[in-house]
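J.: Structure below; questions to follow.
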């Protein structure tokens, strides 16, 4: 290595950094590394960016049935209201909607583990859900880290309606 001033520690550090960064999606720390200096988008901003916004209760998450490529799962919701994009719901194939006891249940794809920057669904909880249509199915929309879900609160719902000019 004549003419080059490489230190063994410097090269080792670079090699370790390269290996960690190139395989970051497979490590739990991958999303944590992105959080340095991160400020979440507001509910209003996410409302503006989403095609569909619903307030709903999570009935069941299918965490044991994940997609092989992205390790995401589907969750089933009852929508209590759809302040934005209700016309999109008419495009969903009927056989993907479950009707039970008069409640329409919608399957929404693209949820996952928080350590991979996805929104993670807890059964029985109520959320503001930010979505888009993907191949005629509802998909969680991420314009922000973890951004597809917001805990349902009066303030969150008011912010949705304010963003839509409905206050």
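Please treat every number below as a calculation from the coordinates, not as lab data. Quick caveat: nothing in here was measured; it's all calculated off a predicted structure. Here the Cβ is made from the backbone with ideal geometry for all residues, glycine too, and neighbour counts use every protein chain on show.
J.: Give me D for region 126-167 in µm² s⁻¹, whole number, from Stokes-Einstein with Rh from the Kirkwood sum over alpha-carbon pairs, 4 °C and 1.567 mPa s.
T.: On the way: Rh = 11.2 Å.
So the translational diffusion coefficient is about 115 µm²/s.
J.: Checking a compactness column here: for region 43-163, what do you get for Rg(Cα) / (2.2 N^0.38 Å), N being the number of residues? Provide the component values of the computation, followed by the final result.
T.: Numbers: Rg = 13.3 Å, N = 121, 2.2 N^0.38 = 13.6 Å.
That works out to 0.97 for region 43-163.
J.: If you don't mind, there's one more thing I want to ask. Taking the beta-carbon count within 10 Å as an exposure proxy, list 103, 138, 149 from fewest neighbours to most. Display every interim value, and only then the final one.
T.: Values: 103 11, 138 28, 149 23.
Fewest-to-most Cβ neighbours within 10 Å comes out as 103, 149, 138.
J.: Sticking with this one: Using the count of nearby Cβ atoms within 10 Å as a rough guide to exposure, how do 66, 136 rank from fewest to most?
T.: Working: 66 15, 136 10.
Taking fewest neighbouring Cβ atoms as first place, the list is 136, 66.
J.: Okay, moving on. Using the 10 angstrom Cβ neighbour count as an exposure proxy, how do 48, 120, 69 rank, fewest first? Present the calculation step by step, with values, prior to reporting the outcome.
T.: Values: 48 14, 120 17, 69 6.
In order of increasing Cβ crowding within 10 Å: 69, 48, 120.
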